[in-house]
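Novice: Questions regarding the structure given below will be posed in turn.
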Amino acid sequence: MPQAVVCVKPIPDPKEWDRLSLDPETGVLKRAGISTVINPLDKNALEAALQLKDRFGWTVTVVSMAPPDTQKTLREALAMGADKVLMASDRALGGAATLATAYTLAALVRKAGDADMVFCGNMSLDGSTNQVVPQLAEFLGLPHASHVVGVETEDGSTFRVTVDLKDALLTLQHSGPMVLGLTKEANDPRLVSVMGIISAQSKPLEVFSAQDLDLDPEKIGQKGSPTIVSGLFMPEIKRRREILSGEPEEVVDRLIDGLREMGVL
Amino acid sequence: MANVSDYSGFWVFAEQINGKIADVGRELLGKARELADSKGVEAAAVVVGDLTEDEVKELISYGADKVYLLSHPNLKLYSSLTYTRLLEDLVNKEKPEAFLFGAGPLGADLAPRVAARLNTGLSAHCVDLKLNEEGGLDQVVPGFGGSLMATIVCPNHRPQMATVMPGAMKMPEPKEREGEVVRVDVGEVPSPSPEIVEFKPKERSAVALDGADVVIAGGWGIGSEENWKLLEELAEVLGGAVGATRPAIDEGWAPEDVMIGQSGKTVHPKLYIGAGISGVMHHVVGIQDSEVIVAINKDPKAQIFEVCDFGIVGDATKVLPVLISKLKEKLGE
């Protein structure tokens, strides 16, 4: 059976980001107590793969580089319909920039066996770098397309992929594996059913260390990352903050006077 | 690892779509020029496409000492594999210390692949670039939707690569300057693979948000397509452009290309008016360089009131008609 490999990243729930803070002493990000969810666009990637499963009987394998306590989140991908999860979990993988992340994910994709298509979310909402898709493709030696708004196939072997370049739409046609970065325009991810949740419990979820994957220690984690975060800071906002309330006529008069004082009218 | 001292000069990838060089390339040249001047090195632009010397030499006036032109009919349309190979060769030959890309869909798709090929670092969606004490590039990027900013450095690998949000750098004034267009021999160029079977340019929205002096933005709180017309009317009165937040675009009230925020446009108008916008950091990161920020929202606890100069607590659909009529009256005086 052909196989679709889907990259999934567990991220801190965007609904709780206002609770993120920096430790004033160390400058380290505090994210304890914030729940973990599947990166939303990765569900679009999963949906694209699951449609190939529904239509042509493909196997759907999820790969993820994540801390071990995110297994529960990854089970959700199994509940949606994926067949198995291969997870890389190792302290040595921590602090990875996109280059080291892509290198590690490429090893997981190879571990999954022959991938006939690799689907990813176009970006993760927490990092928002847009970088893993092209870099994963580079490590796998495959073509890629990001900002994908449509994936179509008649026969499960030739694919038409539509990319949104903002000023134009570009449609590619290709037979053979690619790495695709899906946006939320690409499809509507299915919801998890009760049956899905039950069957997910018995599906395989394998965890690999860096050594299991024969990863080069120079290319993973912080060591394999050419970029370093040299500082984190909360954006500083200095504004006048004159808050007006009352009847529209009054507040609008005050606003217009204020804007004139500030020289923008 | 690269021998860092072998690398010199600040490069900009000036992307073209359909033969038109995108503004973000010109914006980045302004910054590259400034960085190059403070180190006494060259700034250069790189253009890949099917273009003539005459079509690219304008980039000299925006700050390029050199414009590397890689031109061939098969380069007219973007192909990540071909473009990556050409940029890899050029970087390895000329060795720039930094290479900046626009963070639009083309730059964001190409730069990571080039960085992986060159085994170097790439920061994403920078909002600021400055030199640090070691002469390296401090790259400021938003994380977690902008609720946090991080400074990224790339100490031991070259070139230092970054994608920069369109609009994040000010458009420089074009000046009469010396410079040259260097035509790079691209050799045989295969037609794009994967094959491009369709290329459909999109229609542009009426008033460009980039560079607008006044920006009127609407969010989910506007409530309907009918009410959205109030924003357009206000923009017309003030000679501005209309932008939107993600939820308003999802409702279909505004086109995708006017989204303001981390994954959309960054604006820096003299006056920004946000109506029915709650002010999540994703949006705020795209408006924070506005000179004056006005917020209208009926929820007194809306986050946007934390970052505004004037905040009106009230229903935008009731406040806007009054604002429009009073402005018409007073601006007519």
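The values are calculated or read from the model by the stated rules, or taken from the named source; none is laboratory data. Since the model is a prediction, treat every value here as computed from it, not as a measurement. Note: ideal-geometry Cβ built from the backbone for every residue, glycine included; neighbour counts use all protein chains shown. Heavy atoms of the whole protein, side chains included, go into the accessibility calculation; ligands, DNA and RNA do not. Shrake-Rupley method; radii C 1.70, N 1.55, O 1.52, S 1.80 Å.
Novice: In the stretch A:188-213, which residue that is open to solvent by less than 20 Å² (accessible area, probe 1.4 Å) and closer than 26 Å to A:G57 by Cβ is farthest from the other protein chains (Cβ to nearest Cβ)?
Specialist: Looking at residues that are open to solvent by less than 20 Å² (accessible area, probe 1.4 Å) and closer than 26 Å to A:G57 by Cβ, I get A:A200.
Novice: Is there a residue in the stretch B:289-300 that is within 9 Å of another protein chain (Cβ to nearest Cβ) and basic (K, R)?
Specialist: Checked against the condition, which is being within 9 Å of another protein chain (Cβ to nearest Cβ) and basic (K, R), the stretch B:289-300 yields no hits at all.
Novice: From the list B:Y78, B:Y83, B:Y7, B:Y68, pick out the single residue that is under 22 Å from B:G136 (Cβ atoms) and of a type in the set (S, T, Y).
Specialist: Numbers: B:Y78 fails: under 22 Å from B:G136 (Cβ atoms); B:Y83 fails: under 22 Å from B:G136 (Cβ atoms); B:Y68 fails: under 22 Å from B:G136 (Cβ atoms).
Being under 22 Å from B:G136 (Cβ atoms) and of a type in the set (S, T, Y) holds for just one of B:Y78, B:Y83, B:Y7, B:Y68, which is B:Y7.
Novice: For the condition outside the structural domain of B:I304 (by TED's automatic domain parsing) and without any contact (Cβ under 8 Å) to a residue 12 or more places away in the chain, what is the one hit in B:E256, B:E203? Before the answer, list the steps.
Specialist: On the way: B:E256 fails: outside the structural domain of B:I304 (by TED's automatic domain parsing).
Sole residue among the options that is outside the structural domain of B:I304 (by TED's automatic domain parsing) and without any contact (Cβ under 8 Å) to a residue 12 or more places away in the chain: B:E203.
Novice: Let me ask another. Being within 13 Å of chain A (Cβ to nearest Cβ), exposed (fewer than 14 other Cβ atoms within 10 Å of the Cβ) and more than 27 Å from the chain's Cα centre (by Cα) is the requirement here; does B:S191 meet it?
Specialist: Numbers: within 13 Å of chain A (Cβ to nearest Cβ): yes; exposed (fewer than 14 other Cβ atoms within 10 Å of the Cβ): yes; more than 27 Å from the chain's Cα centre (by Cα): yes.
Judged against the criteria, B:S191 is a match.
Novice: Can you name the residue in the stretch B:297-325 that is among the polar types (S, T, N, Q) and in contact (Cβ under 8 Å) with a residue 24 or more places away in the chain and is also surrounded by the most Cβ atoms within 10 Å (Cβ to Cβ) among such residues?
Specialist: Start the filter on the stretch B:297-325 by keeping residues that are among the polar types (S, T, N, Q), which leaves B:297, B:303, B:317, B:325.
From what's left, in contact (Cβ under 8 Å) with a residue 24 or more places away in the chain: B:297, B:303, B:317.
Working: B:N297: 26, B:Q303: 18, B:T317: 19.
Residue satisfying both the conditions and the ranking: B:N297.
Novice: Determine whether B:W228 is open to solvent by less than 20 Å² (accessible area, probe 1.4 Å) and away from chain A (no Cβ under 14 Å).
Specialist: Yes; evaluated as a whole, the condition is true for this residue.
Novice: Output the strands (runs of 3 or more DSSP E) that fall wholly within the stretch B:187-262 and possess 1 or more residues being over 20 Å from B:M281 (Cβ atoms) and touching a helix residue (DSSP H, G or I) at 6+ places or on another chain (Cβ under 6 Å), or say none. Break it down into steps so the answer makes sense when it comes.
Specialist: Values: elements: B:195-201, B:214-218, B:241-244.
Output list reads B:214-218, B:241-244.
Novice: Which of (1) surrounded by fewer than 22 Cβ atoms within 10 Å (Cβ to Cβ); (2) outside any strand (DSSP E or B); (3) not polar (S, T, N, Q) is the odd one out, the single condition A:P134 does not satisfy?
Specialist: Only one criterion is unmet by A:P134, namely (1).
Novice: While we're on this one: Would you confirm whether or not the stretch B:114-129 contains a residue that is outside any loop (DSSP other than H, G, I, E, B), open to solvent by 10 Å² or more (accessible area, probe 1.4 Å) and more than 8 Å from every other protein chain (Cβ to nearest Cβ)?
Specialist: Checked against the condition, which is being outside any loop (DSSP other than H, G, I, E, B), open to solvent by 10 Å² or more (accessible area, probe 1.4 Å) and more than 8 Å from every other protein chain (Cβ to nearest Cβ), the stretch B:114-129 yields at least one hit.
Novice: Select from the stretch A:47-72 the residues that are in contact with a helix residue (DSSP H, G or I) (Cβ under 9 Å, 6 or more places away or on another chain) and farther than 22 Å from A:S124 by Cβ and list them in ascending order.
Specialist: Within the stretch A:47-72, A:W58, A:T59 meet the criteria.
Novice: A further question on this structure: Scan the stretch B:263-284 for residues that are part of a loop (DSSP other than H, G, I, E, B), facing chain A (nearest Cβ under 10 Å) and open to solvent by 10 Å² or more (accessible area, probe 1.4 Å) and report the count. Spell out how you get there, then give the answer.
Specialist: Taking the stretch B:263-284 first, the residues part of a loop (DSSP other than H, G, I, E, B) are B:263-264, B:266-270, B:276-280.
From what's left, facing chain A (nearest Cβ under 10 Å): B:263-264, B:269-270, B:280.
Now restrict to residues that are open to solvent by 10 Å² or more (accessible area, probe 1.4 Å): B:263, B:270, B:280.
Number satisfying all stated conditions: 3.
Novice: Another question, then. Quick one: would you say B:A14 is more than 26 Å from A:L169 (Cα to Cα) and of a type in the set (G, A, S)? Can you show your working first?
Specialist: Numbers: more than 26 Å from A:L169 (Cα to Cα): no; of a type in the set (G, A, S): yes.
No, not satisfied.
Novice: Now for a different question. Hey, does the stretch A:227-242 have a residue that's out of contact with any strand residue (DSSP E or B) (no Cβ under 6 Å at 6 or more places or on another chain) and outside any loop (DSSP other than H, G, I, E, B)?
Specialist: No.
Novice: Among the residues of the stretch B:72-90, is any among the polar types (S, T, N, Q), assigned to a helix (DSSP H, G or I) and more than 9 Å from every other protein chain (Cβ to nearest Cβ)? Let's see the steps before the verdict.
Specialist: Of all residues in the stretch B:72-90, those among the polar types (S, T, N, Q) come to B:74, B:79-80, B:82, B:84.
Narrowing further to those that are assigned to a helix (DSSP H, G or I): B:74, B:80, B:82, B:84.
Restricting the remaining residues to those that are more than 9 Å from every other protein chain (Cβ to nearest Cβ) gives B:74, B:82.
Among the residues of the stretch B:72-90, at least one is among the polar types (S, T, N, Q), assigned to a helix (DSSP H, G or I) and more than 9 Å from every other protein chain (Cβ to nearest Cβ), which makes the answer yes.
Novice: Given the criteria open to solvent by less than 50 Å² (accessible area, probe 1.4 Å), closer than 20 Å to B:G136 by Cα and part of a loop (DSSP other than H, G, I, E, B), does B:V12 qualify? Give the derivation first.
Specialist: Details: open to solvent by less than 50 Å² (accessible area, probe 1.4 Å): yes; closer than 20 Å to B:G136 by Cα: yes; part of a loop (DSSP other than H, G, I, E, B): no.
Criteria not met by B:V12.
Novice: Considering each residue of the stretch A:82-111, count those that are part of a loop (DSSP other than H, G, I, E, B), crowded, with 20+ Cβ neighbours inside 10 Å and at pLDDT 95 or above, and give that number. If you could, list the steps in order and put the result at the bottom.
Specialist: Going through the stretch A:82-111, the residues part of a loop (DSSP other than H, G, I, E, B) turn out to be A:82-83, A:89-90, A:94-97.
Still in the running and crowded, with 20+ Cβ neighbours inside 10 Å: A:82, A:90, A:96-97.
Retained after the next criterion (residues that are at pLDDT 95 or above): A:82, A:90.
Residues that pass the stated criteria total 2.
Novice: Ok, one more. How many residues are among the hydrophobic types (A, V, I, L, M, F, W, C) and within 14 Å of chain A (Cβ to nearest Cβ) if we restrict to the stretch B:149-184? Outline the logic, then answer.
Specialist: Our first condition is that a residue be among the hydrophobic types (A, V, I, L, M, F, W, C); within the stretch B:149-184, this holds for B:149-150, B:152-154, B:161-162, B:164-165, B:168-169, B:171, B:181-182, B:184.
Applying the additional criterion that residues be within 14 Å of chain A (Cβ to nearest Cβ) yields B:149-150, B:152-154, B:161-162, B:164-165, B:168.
Number of matching residues: 10.
Novice: Where the second residue is among the polar types (S, T, N, Q) and modelled with pLDDT of 90 or more and the first is more than 8 Å from B:Q262 (Cα to Cα) and lies in the stretch B:279-294, which pairs have Cβ atoms under 7 Å and are six or more apart or on separate chains?
Specialist: B:G279/B:Q303; B:V280/B:Q303
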